[in-house]
1. Based on this model, can you work out whether residue 49 counts as surrounded by 11 or more Cβ atoms within 10 Å (Cβ to Cβ), farther than 13 Å from residue 123 by Cα and within 19 Å of the chain's Cα centre (by Cα)?
2. How many residues are of a type outside the set (D, E, K, R), over 20 Å from the mean Cα position of the chain (by Cα) and within 17 Å of residue 58 (Cβ to Cβ) when one looks only at the range 110-134?
3. Just one of 64, 13, 20 is in the same structural domain as residue 127 (by TED's automatic domain parsing) and either modelled with pLDDT under 95 or more than 16 Å from residue 112 (Cα to Cα) (or both); which is it?
4. May I ask you to list the residues in the range 48-88 that are out of contact with any strand residue (DSSP E or B) (no Cβ under 9 Å at 6 or more places or on another chain), over 23 Å from residue 104 (Cβ atoms) and not in a strand (DSSP E or B)?
5. What are the residue pairs meeting all of these: first residue in the range 107-126, first residue surrounded by 19 or more Cβ atoms within 10 Å (Cβ to Cβ), second residue in a strand (DSSP E or B) and polar (S, T, N, Q), Cβ atoms under 9 Å, and 6 or more apart or on different chains?
Amino acid sequence: MREADGPLESERSGALPQLSRKGWAWTIAGLVALVGAVATYAFAAAQAESVRWREVGFDVIDDSQIEATFDAFLYTDADAECLVRALNESYTEVGVVTVHVARADGAEQRIETLIATTERATTATVVGCTALED
């Protein structure tokens, strides 16, 4: 009779050991807790934002100006400022403007702003918005 030279077949194939019911229960409970923690963190982070924005579009007027359109959502009573920039075809900044968003004009606003450019812009984008201190 010949002796075994190497590991058992299940060890060589890379098979993982089976979990007991208790092991599966702990694994599932851990995954549920992890998903719950991530969801809670994401919800809290979203609620912490005092101002959000959504880009709507832009219109190239001519070689020296572009119009940017975006929506601003204010979640506090404070005004906000949004930084909007114009980019050329090489993604180089060719114009920038800071837009004041007055809370008195509403919590949700559609903003249209002209940006003067040093050369023809091919896009306009909102860099970000921040709430102003009262």
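1. Answer is yes for this residue.
2. Residues meeting the conditions: 9.
3. Criteria check complete, one pass: 64.
4. Of everything in the range 48-88, those that are out of contact with any strand residue (DSSP E or B) (no Cβ under 9 Å at 6 or more places or on another chain), over 23 Å from residue 104 (Cβ atoms) and not in a strand (DSSP E or B) turn out to be 48, 63.
5. What qualifies is 111/69; 115/65; 117/65; 121/65; 124/69; 124/113.
The values are calculated or read from the model by the stated rules, or taken from the named source; none is laboratory data. Please read these numbers as outputs of a predicted model, since none were measured by experiment. Here Cβ is always computed from backbone atoms with ideal geometry, including for glycine, and neighbour counts include all displayed protein chains.
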